[in-house]
1. So for the stretch 101-114 (the condition being within 16 Å of ligand 1 (Cβ to nearest atom), under 21 Å from Arg56 (Cα atoms) and surrounded by 16 or more Cβ atoms within 10 Å (Cβ to Cβ)), does at least one residue qualify?
2. Has the stretch 43-56 got any residue that is within 15 Å of ligand 2 (Cβ to nearest atom), closer than 19 Å to Asp164 by Cα and among the β-branched types (Val, Ile, Thr)?
3. How many residues does the stretch 60-95 hold that are over 18 Å from the mean Cα position of the chain (by Cα) and charged (D, E, K, R)?
4. Of the conditions (1) touching a residue at least 60 places away in the same chain (Cβ under 8 Å); (2) among the hydrophobic types (A, V, I, L, M, F, W, C); (3) open to solvent by less than 50 Å² (accessible area, probe 1.4 Å), Met1 clears all except one; give me its number.
5. Working only within the stretch 30-48, note down all residues that are surrounded by 21 or more Cβ atoms within 10 Å (Cβ to Cβ), within 16 Å of ligand 1 (Cβ to nearest atom) and not in a strand (DSSP E or B).
6. Could you say which residue among Lys222, Lys267 is within 14 Å of the chain's Cα centre (by Cα) and among the charged types (D, E, K, R)?
7. Residues in the stretch 96-104: is at least one over 20 Å from the mean Cα position of the chain (by Cα) and more than 18 Å from Asn20 (Cα to Cα)?
8. Go through (1) away from ligand 1 (no atom under 16 Å from the Cβ); (2) exposed (fewer than 15 other Cβ atoms within 10 Å of the Cβ); (3) in a helix (DSSP H, G or I) and name the single condition Gly55 misses.
Amino acid sequence: MPLVRTADLVTFGRGVAAFNVITLEHAEAVIAGAETAGAAVICQISENAVKFHHGRLGPIAAATVALAENSSVPVGLHLDHVTDVALLHQAAGHGFGSVMYDGSHHDYAENVARTAEAAAWAHAHGLWLEAELGEVGGKDGAHAHGARTDPGEATAFVAATGVDALAVAVGSSHAMTDRTATLDHALIRELRAALPVPLVLHGSSGVPDDELRQAVLGGMAKINIGTALNVAFTGAVRESVQAHVDPRKYLAPARDAMSAVVAHLLKVIAG
Ligand code: G3H
Ligand code: ZN
């Protein structure tokens, strides 16, 4: 099955999960888990993952595209949390259907100006653009569940920037290793009613299954998950690494553990 466009996967009224890909094993696990669940999925590569690969986007993107093209389920490719415009401009050449420009750390006016420019560039290159308003905490390691996106400001932001989807702050926080976040479901419904574009939930690893399901029913369309895979990966490596020298002996169970998490979460989100 060829890669599909993100725009075809993220639509009103249904949930699709987007999993962060750091290594080849992540990409293999995400696609295997999606095949087990029989659900479409998005593989996303973040700016931080590109930094990990010595600033090179090409190799991990090419590996993910190759795996996606041989998948039995639809797979989209998304470039995530981009703050560097030079990286944004690389998205068009590597098979991405979409990109998130993250200007949420800027003040409102600066976020609007930078995001509008990113959206215009993305649309001129056939890409779907996600932006963020009301910074979802935890990107710097400190959990902040308190930030909330204002529906009036979000409506004005979408109109002023022309974005295709909006990441909103509704109670989740990045990089949580336990699943204890509580979402503001009334705010999700309010944002869904106010905005003409699909909503994106970041920091979804910390959100319990029933909260995720309720969020999708309330209008969250793209559910971003990263840390949950790393918890599974690292847990499995810790269990087997002492006994082996060959990395395949501990990376195989780590990949299987991530794949099981993907299959489970896809049943919760897209099932
Ligand atoms: O953009 C990626 C997600 O927001 C991942 O967040 O690692 O807390 O699941 P997470
Ligand atoms: Zn995020």
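The values are calculated or read from the model by the stated rules, or taken from the named source; none is laboratory data. What you are looking at is a predicted structure, and each value in this text was computed from that prediction instead of being measured. Positions of Cβ are generated from backbone atoms using ideal geometry, with glycine treated the same way; all protein chains shown enter the neighbour counts. Accessible surface is based on the protein model in full, side chains and every heavy atom, while ligands, DNA and RNA are left aside. Shrake-Rupley method; radii C 1.70, N 1.55, O 1.52, S 1.80 Å.
1. yes
2. Yes, the stretch 43-56 contains at least one residue that is within 15 Å of ligand 2 (Cβ to nearest atom), closer than 19 Å to Asp164 by Cα and among the β-branched types (Val, Ile, Thr).
3. So the answer is 1.
4. Of the numbered conditions (1) touching a residue at least 60 places away in the same chain (Cβ under 8 Å); (2) among the hydrophobic types (A, V, I, L, M, F, W, C); (3) open to solvent by less than 50 Å² (accessible area, probe 1.4 Å), the odd one out for Met1 is (3).
5. Once the filter is applied, which keeps residues that are surrounded by 21 or more Cβ atoms within 10 Å (Cβ to Cβ), within 16 Å of ligand 1 (Cβ to nearest atom) and not in a strand (DSSP E or B), the stretch 30-48 yields Val30, Gly33.
6. Residue meeting the stated conditions: Lys222.
7. no
8. The failed condition is (3).
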